[in-house]
1. Can you tell me which residues in the stretch 353-371 are touching a helix residue (DSSP H, G or I) at 6+ places or on another chain (Cβ under 6 Å) and closer than 21 Å to residue 314 by Cα?
2. Can you name every residue in the stretch 238-275 that is in contact with a strand residue (DSSP E or B) (Cβ under 8 Å, 6 or more places away or on another chain), assigned to a loop (DSSP other than H, G, I, E, B) and free of Cβ contacts under 8 Å to residues at least 40 places away in the same chain?
3. For the subset of the stretch 154-175 comprising residues that are touching a residue at least 60 places away in the same chain (Cβ under 8 Å), over 9 Å from the mean Cα position of the chain (by Cα) and farther than 18 Å from residue 286 by Cα, which member is surrounded by the most Cβ atoms within 10 Å (Cβ to Cβ)?
4. For a quick check of your reading: which strands (runs of 3 or more DSSP E) sit entirely within the stretch 46-153 and have at least 1 residues that are more than 24 Å from residue 329 (Cβ to Cβ), more than 12 Å from the ligand (Cβ to nearest atom) and within 18 Å of the chain's Cα centre (by Cα)?
5. Identify, from the list 191, 239, the residue that is surrounded by fewer than 16 Cβ atoms within 10 Å (Cβ to Cβ), closer than 30 Å to residue 354 by Cα and within 15 Å of the ligand (Cβ to nearest atom).
6. Closer than 30 Å to residue 17 by Cα and out of contact with any helix residue (DSSP H, G or I) (no Cβ under 8 Å at 6 or more places or on another chain): does that describe residue 181?
7. For the structure I just gave you, tell me whether residue 63 is closer than 18 Å to residue 228 by Cα and buried (at least 24 other Cβ atoms within 10 Å of the Cβ).
8. Of everything in the stretch 203-232 that's without any contact (Cβ under 8 Å) to a residue 12 or more places away in the chain and not in a loop (DSSP other than H, G, I, E, B), which residue is nearest to residue 60 (Cα to Cα)?
Ligand SMILES: Cc1ncc(COP(=O)(O)O)c(C=O)c1O
């Protein structure tokens, strides 16, 4: 079965009223002569900083550049940066681009603090933490404390976690800085884009220097090795309109995930993560695990035959197994990541997903699991 699926794993949803507003905004931008680094960039920065509970933000060309800029400002050149192996290529590559020495730690849905501690050394400078799928670790406060006690700078990769929070603290507010992505698939999308959020005013000032080819406008000289890492005004406007309604969208996605979990949580082949009341999910992914991973390929095929796309999990191959990183520290095994990669399932999820779609997926999934379990 090939796309288009009746129920894809995700959709990009820009609502008709937003398209109407954006059409007018586009005309304004195009006639204003300010196509980059203007009022919409400032608007996006104010809104994403607010969503993350931080003082300020620097909008960038991508999540990858946001991470790289933050790490360059922290000056990780030659210093150890701990990166989860269960993440996107960009988390590690940004650290390498900034000159960091990458060490992979273990983790499944959540980072494993025991492994972080085992991989760390006296020279560890930065811990990169990823809230996979928008889920924030239950022991996040312990991780924050671990960093404080060792003088390790915590940087969150919040590419999946727009609007997530735990214990009343938003994703992006736990570390010294955090990097969002606004790539096409993300909870808030600008097509391409990203942002650093932080309370560190120097980081904000330097972030704006880095994204403009290292140019310090005060002296009109290039003071650092920056790049063309700006976001356009058009992209910034697209993201700003979605950020206006992020809490309502987040609540809708969160409710859809809870519905999936309520309807599937009792199935003997599935495990759903515990969801405490104070844990709000961005709803980037709806993740659960399959207790018989040997059935997964057949499950995906069978669901695809019913029109449901399921084989878009996070992440199929952890970074310690990626050929491009083969020459980085081989280190210990990462059993949590390997197990999670084999067992995870992601259910269809998008902005405003209707309950009827959730129910349809649940019916197909239950029937398919029963067939597979009966046949084996
Ligand atoms: C966890 C994570 N970090 C960073 C990125 C990089 O973001 P971008 O594609 O905007 O560079 C992505 C995804 O694209 C991601 O999933």
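Quick note: the coordinates plus some simple rules give every number you see, no bench work behind them. This structure is a prediction, so every number in the text was calculated from the model and none was measured. Counting neighbours? That spans all protein chains shown, and the Cβs are built from the backbone with ideal geometry, glycine included.
1. 353, 358, 362
2. 272
3. Looking at the filtered set, the residue picked out is 172.
4. Details: elements: 56-60, 80-84, 101-105, 124-130.
Filter on the stretch 46-153 gives 56-60.
5. 191
6. Details: closer than 30 Å to residue 17 by Cα: yes; out of contact with any helix residue (DSSP H, G or I) (no Cβ under 8 Å at 6 or more places or on another chain): no.
Judged against the criteria, residue 181 is not a match.
7. Considered against the rule, which asks whether it is closer than 18 Å to residue 228 by Cα and buried (at least 24 other Cβ atoms within 10 Å of the Cβ), residue 63 comes out as yes.
8. Step by step, filter the stretch 203-232, then rank; the result is 205.
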